[in-house]
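Here the structure comes first, spelled out in structure tokens, and everything after it is commentary.
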Amino acid sequence: MDPETENVVKLISPGNIPDNWQENPDFLNYISKLGSYGVEQLVKEPDHLSEEAAAILEQTQELAFTNYKTFIQTAECSREIFRQFENTEARLDDLVRKLPEFAERCRRFGRASGDVGRRRRLNSLTLTRSARLLEVLELPQLAETCVSDGRYEEALELAAHARRLGARHGQIPVVAGIARDVEAARLGMVHRLLSQLRSSDLQLPACLQAVGLLRRSGLLSEAELRLKFLQARDAWLQGLLAGVPSDDANQHLSKTIELTRIHLFNIVTQYRAIFSDEDPIMPSSKEQNVNEVLIFYSWLTEKVSQFLAALEQDLPRVGSGSLDSLLGQCMYFGLSLGRVGADFRGLAAPPFVRAAERNFERAVRGAAARLEGDLRAFALAGCPGAPPRAAPQPSQQDGPPRSLLEFPPLAEYCNGLAGAFNELRLCAPAPAARECTRALQASLRAAAGAARALHRREQQALAPAGREQLARLCAALGGELAPYAQRCLHAVFPPAAVARHLGLTAQQLQREGVTYLNQTEILAPISHLLPVTTELPPVTNMVSGEDGDQKNHAPAEVMPELNK
């Protein structure tokens, strides 16, 4: 609108004119037309406008009357259109609210579609390389099959391949799982090899192969491998020893010595062939201060200690007649182990010494106990008189005194001592001389005590003949039986040999009472019963030949008729 038109508008209508009129072309044309009117026309213009408005109103009313149906339909259509526009606007608002969620879902669908595409490509690639993937996936099953079939070399190769795969592609879960399963199969192979070492008598080649496979497995260090080998072989040896019947102590100990000697020496031989102790010890960073040499010698010391403990346990139940053979087996066993630096013969001797002492002491104590029982039932009045005694012949002095036949209890006691010496003679270690001397002296003193008890019991009812018989019994005990026991003791333990063993002289042996009986102490209980005129031979006499040299005669049993 130009400035002149605006001035005209302000003159016509000083008030505000609606904005929509200012831009209306009809309004602007009408204003321009008014500007071209004269005064008369301007004066007439209001009437003209009133007439024209009345005509238009009349026409409008006529039009409305004529077309009222159309107006009604138009109003209804307008109202319906307005309602539909409102509904459309509400739906558009709802659509606007849901558009962000729809856009997010579209983005997620796009990402999922991309993942599906990648997976499809991976599946296609997997399908094209399925043969190689199948080989990798079957590694655990193949390793287990190799281990169960005993093909340990192939199992180790598969384990090495699986470790390389795990180191290269360990971030892939499937590959990591395959590596774990193959590692478990390798561990199972180690357990099978150790079980094989524990459960069978393997020769050296088989042991070399098993230990080589264990070393190649890499699961055990050198010290652990040595320890596991010794533990496995020891478990097998202990199983053998546990299967030995223990009813008969002699058979049990003999079989134990034999099995231990054979198999322990085999284990030692196998160990020294498999593991070299000649190389300098070079401890690794994981095993500081591990002396691998001491593992073997500690184990071997333990085995020797266990064997000596078995000796200590079984020897008390073994008879004297078997000690000699068992001692020979032990000495041979110790000699064989001496070749590997484990000679234990010095440790095996004391149990046999104690067993010999124990058996001899039990035998002579039993003989003394039987003598006490026999003398309690012995009647002096019923004994026949003794024939005059002739001088003993040299040949008779080596055997039991025949004068003991006058007194059956003494003869039985002499037989008991002779039997004890016969058993001791088979295995008579020199260190047992002191205890055997003590046991024999205690037995002879107990025999003298039994004779004194007989005198106390019978002294009130003894006749002169009975007193004479009792005096002869005591004289036979002190003058015949005790010297015979001394000769037997020197025959089993020659003083010269015992003195050399102990590093003493014969005089020192006699002073200390080793292999020499104390006659005074033995006969002290019956000293008052011995005949005054009887000269007893010294109990320390030894069996001598014509040249004065000692004879090592074994004691002979009393003649069989003494047992009747």
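Quick note: the coordinates plus some simple rules give every number you see, no bench work behind them. Note that the structure is a prediction, hence the values are computed from the model and not measured. Note that we place each Cβ from the backbone using ideal geometry, even for glycine, and neighbour counts take in every protein chain shown.
Summing +1 for each Lys or Arg and -1 for each Asp or Glu, what net charge is found among the other residues whose Cβ lies under 13 Å from the Cβ of D324?
Values: positive: R425; negative: E423.
That works out to 0.
Tally Lys and Arg at +1 and Asp and Glu at -1 over the other residues with C-beta under 12 Å from the C-beta of T269: what net charge comes out?
On the way: positive: R233, R272, R339; negative: none.
Taking every Cβ under 12 Å from that of T269, the sum is +3.
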Hull volume in cubic angstrom per residue (convex hull over the Cα atoms of segment 129-220): 87
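Using r as the Cβ-Cβ distance of S36 and T60, and R0 as 35 Å, what FRET efficiency do you calculate, to the nearest 0.05?
Working: r = 29 Å, r/R0 = 0.83.
Plugging the Cβ-Cβ distance into 1/(1 + (r/R0)^6) gives 0.75.
Which of the peptides 44-53, 414-423, 195-204 is most tightly packed, and how do the rest follow, judged by the mean count of other Cβ atoms within 10 Å per residue? Mind dumping the intermediate values first?
Values: 44-53: 10.3, 414-423: 22.9, 195-204: 14.8.
Packing order, densest peptide first, comes out as 414-423, 195-204, 44-53.
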Need the full-extension length gain, A206 to R91, defined as separation in residues times 0.36 nm minus the C-alpha distance. One decimal, nm. 32.5 nm
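Between I172 and T301, what is the FRET efficiency for a Förster distance of 45 Å, r being their Cβ-Cβ separation, to the nearest 0.05?
Values: r = 52 Å, r/R0 = 1.15.
Calculated value: 0.30.
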Sort the following peptides by mean Cβ neighbour count (other Cβ atoms within 10 Å, averaged over residues), highest first: 499-505, 425-431, 112-118. 425-431, 499-505, 112-118
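With r defined as the distance between the Cβ atoms of R345 and Q313 and R0 fixed at 22 Å, what FRET efficiency is calculated, to the nearest 0.05?
Details: r = 19 Å, r/R0 = 0.87.
Efficiency computed from Cβ-Cβ geometry: 0.70.
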